[in-house]
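Everything below concerns the one structure shown next.
Bear in mind these aren't lab numbers, they're just calculated from the coordinates by the rules spelled out. Keep in mind the model is a prediction, meaning the values are calculated, not measured. Every residue, glycine among them, receives a Cβ derived from its backbone with ideal geometry; neighbour counts consider all protein chains shown.
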Amino acid sequence: MDLNIITTNESHIQQIIDIYGYYVLNTSITFEVEIPEYNEFKNRVDTIQEKYPFLSALIDNKVVGYAYAAPLKTRKAYEYSCETTIYLDYNYKEKSIGKALYTRLFEYLKKQNIVNLYACITESNKESIIFHEKFGFQKTAHFHKCGFKHNKWHDVMWFEKIISDHSSTPKPFINFNNIKP
């Protein structure tokens, strides 16, 4: 298995939608209830890539997973914090793809001078909870029955990981487009 992790480009978008669509239709991992259309999803990728990494994992030029960072909040004081997201093709789990994606994503985020990472996880998504805990994320919040999908109420939890020092004056935020390979 030759895994290649690169910055997502337009040729990956439909494959990413196909990966995400499985989770939209079959799980409560995402609270989205309809698969986004191509142009909507492309706009999401383009917006994220204005400042942050959106990465694709490829095996033999097939997208088998993706991960990205997005602003936690839009106000200036939050610029050192971001939310991370990862999805894997359900046929490619347990192959260390998620580990490789998050490792590369976190390398870029450190170069951007990001300090705090956050992940929002549905309580029933035990695999993701274990995965994030292995990466050093710790549970910081629990929201009860805040999402209703597939005729059931779902809790969500927020996890946090600190990847840099909280110095009194952080280094300036660096746009991903100024550091990407």
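Of all the listed residues (165, 155), the sole one being in a loop (DSSP other than H, G, I, E, B) and acidic (Asp, Glu) is 165. In the condition set (1) part of a strand (DSSP E or B); (2) touching a helix residue (DSSP H, G or I) at 6+ places or on another chain (Cβ under 7 Å), residue 22 is compliant with all but (1). Restricting attention to the stretch 117-170, the residues that are in contact with a Phe, Trp or Tyr (Cβ under 7 Å, 6 or more places away or on another chain), aromatic (Phe, Trp, Tyr) and surrounded by fewer than 13 Cβ atoms within 10 Å (Cβ to Cβ) total 0.
Yes/no per residue for (1) closer than 23 Å to residue 134 by Cα; (2) assigned to a helix (DSSP H, G or I); (3) out of contact with any strand residue (DSSP E or B) (no Cβ under 6 Å at 6 or more places or on another chain); (4) not acidic (Asp, Glu):
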residue	(1), (2), (3), (4)
16	no, yes, no, yes
30	yes, no, yes, yes
63	no, no, no, yes
70	yes, no, no, yes
73	no, no, yes, yes
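Scanning the stretch 45-57 for residues that are assigned to a helix (DSSP H, G or I) and surrounded by fewer than 16 Cβ atoms within 10 Å (Cβ to Cβ) yields 46, 47.
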